[in-house]
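Inspection log for the structure reproduced underneath, given as C-alpha cells.
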Amino acid sequence: MTWLNRDVTEIGGQRLHPETLMMGYGYFPGLSEGAVKCPIFQTSTFVFRSAAEGKHFFELAYGLKEPRPQESPGLIYSRLNNPNLEILEGRLAIWDGAERALAFSSGMAAISTCLFALCRPGDSVVHSTPVYGGSDFLLDKVLPDFGIRTVDFQAGTGPAARRAAVDKARETGRIAAIYVETPANPTNALVDLADCAQLAGELEAKQGFRPPVIVDNTYLGPLWQRPLDHGCDIVVYSLTKYIGGHSDVVAGACMGTRVALEPVHLMRTILGTMTDPHTAWLLMRSLETLEIRFRKSVDNAVKVADFLRSHPQVESVSFLGFLDPDSADGKLYARQCLAPGATFSFFVKGGEAEAFKVLDALQLVKLAVSLGGTESLASHPAAMTHSDIEPARRAELGITENMIRVSIGIEHPDDLIADFRQALGSL
C-alpha cells in the first residue's frame with residue numbers, strides 16, 4: 001500500500017535506527033484524520049473503488065500477476081491483509097533486517113504454519129532439542145501423523161551431532177527444513193547458526209533442494225541475536241514474549257526474504273492464522289518501548305543471576321553471561337549473541353520438593369509460565385512447560401526436577417534479589 005512506500009528512513013545522510021522508526025514507520029496521520037497514532041482498523045472487508053481494481057487486487061493477492069515495482073496487494077479482506085497487520089509487519093521486519101515479516105495469532109501458529117507450508121508427507125525435519133514444549137509436541141507427535149519424520153540433535157553439541165542427525169534423516173527422503181531454537185528453552189544451550197546454514201548449503205548439493213534454516217529467536221531477539229545475519233532463512237517469534245512485553249497479547253511472527261516467506265504467506269491466507277487488528281495495534285505500541293524494556297530486563301537479569309550464583313542453596317545457574325569466554329560455547333556466544341538475555345534457569349539443591357518450596361515462597365516474582373513481560377516470572381519446566389516429554393528424556397536434556405526457569409522483568413533489581421533471598425531462605 002502507498003503508506004508503506006513513503007517513509008523517511010534517513011535524515012541528512014543519517015540512517016534512522018529501529019527504535020526511532022518504531023514511532024511512525026508505515027503510518028501517515030494524513031490518511032487517518034491526522035491521528036498521531038494509528039487507529040484500529042476493526043473491519044473485516046474493504047471497499048474497492050471499481051470492479052477492475054478489485055480484480056487486480058485479487059490477482060496480486062493470489063499470485064496470478066506479478067506486482068509492479070514497489071506495488072503491494074491492495075486491501076481486500078482482513079484474513080488477507082489489514083492496515084494494522086501491514087504496518088506491524090513493516091516495523092517487525094526492520095529489527096531483523098528482513099525483507100518481509102508475517103504476523104500470526106500465536107507463536108505456535110507461526111511455527112506450525114511455517115512447517116506445514118514447507119513440508120510434505122515423506123519429508124523429514126531436522127531439529128535441535130530441547131525446544132519450547134509446544135514446539136516439541138508439534139515436532140514429536142503432530143508432524144509424524146502427517147507422514148513427516150523428525151530427527152533431533154541436542155543443543156550444545158558440536159557439528160558432528162548435527163551431521164549425524166542429517167545423515168539419519170536422509171535415509172528416508174528429502175530434508176524439508178532445519179528447525180533450531182537457540183538459546184534452547186529452558187537450558188540456554190546454544191546452537192551454531194552459521195554451521196546450520198552451511199549444513200543447509202551442503203544438503204542443497206546432495207538433494208537438489210536447500211532446506212530453509214528456521215530459527216526460533218524468542219529468547220534473545222530481535223535485539224540480541226540476528227539469525228538472518230548468520231545465513232539462516234526464516235526467523236520465528238512468539239510476539240507474546242519480549243516483543244509484546246506486557247503479558248496481554250498472544251501473537252507470533254515469521255521474518256525472512258520474500259521468496260522464503262511466500263509459501264508461508266499463502267498457507268497463512270488459507271489457514272487464517274494471521275493476528276487480528278487489535279492485537280496488531282497493541283504490538284505496535286509495544287515496539288515503541290522494546291529496546292528500553294529489553295535493556296532494563298537484561299541489566300536486572302545480570303544482577304539477579306550474580307546473586308543466585310553465590311547463594312548456598314543454588315547448585316548452578318544456566319546464564320549465558322557466565323560462559324567461559326575461552327570455551328567453545330563462550331566463543332560461539334561471543335560470535336553469535338550480543339547480550340545474555342533475561343530468561344535463564346537455576347538449579348536449587350535438592351529435587352522437585354525443594355524447587356516447589358522456593359516457587360511457592362516467592363512474593364514479588366509471579367509463579368507463571370511464559371516470559372518476556374515487564375513483570376518477573378518463575379516456573380518449573382519439568383512439571384509445567386516440558387511435562388509432556390518422557391522423564392528419562394527430560395533428564396538427558398538437562399531439564400531436571402530441581403530446575404527453576406525465571407524471566408526477569410523491569411522491577412528494581414534489589415527488590416527481586418530480596419524476593420529470591422527470602423524464598424531460598426525457606427529451604
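What follows is calculated from the coordinates using simple rules that are stated; it is not laboratory data. Treat the numbers as computed from the prediction; the structure is a model and nothing was measured. Positions of Cβ are backbone-derived with ideal geometry, glycine not excepted, and every protein chain shown enters the neighbour counts.
The modelled label-to-label distance between F209 and S316, using points 7 Å beyond Cα along the C-beta direction, is 4.0 nm. The angle separating the long axis of helix 159-170 from the principal Cα axis of greatest extent in the chain is about 60 degrees.
With R₀ set to 41 Å, the beta-carbon distance separating E262 from D324 gives a calculated FRET efficiency near 0.45. With R₀ fixed at 41 Å, the C-beta to C-beta distance from E171 to M384 puts the FRET efficiency at about 0.70. Exposure proxy ranking for E89, E401, based on other Cβ atoms within 10 angstrom of each Cβ and starting from the fewest, stands as E401, E89.
What is the distance in Å between the Cα centres of the stretch 93-115 and the stretch 218-266? Here the two parts' Cα centres lie 5 Å apart. Bridging of K296 to lysines at a Cα separation below 19 Å is possible for K241, K366, once same-chain residues fewer than 8 apart are set aside. Convex hull of alpha carbon positions in the stretch 1-116: directionally averaged projected area 9.1 nm². Between L64 and L271, take the C-beta separation as r, use R0 = 22 Å, and let me know the FRET efficiency to the nearest 0.05. Here the calculated transfer efficiency is 0.60.
Here the simple spin-label model places points 7 Å from the Cα toward Cβ, and for Y77 and R421 these points are separated by 6.1 nm.
For the peptides 54-64, 173-183, 334-344, the ranking by packing is 173-183, 334-344, 54-64, with the highest mean count of neighbouring Cβ atoms within 10 Å listed first. Under a model in which nothing but the beta-carbon of Lys, Arg (+1) and Asp, Glu (-1) is charged, the stretch 298-406 shows a dipole of about 180 debye around its Cα centre.
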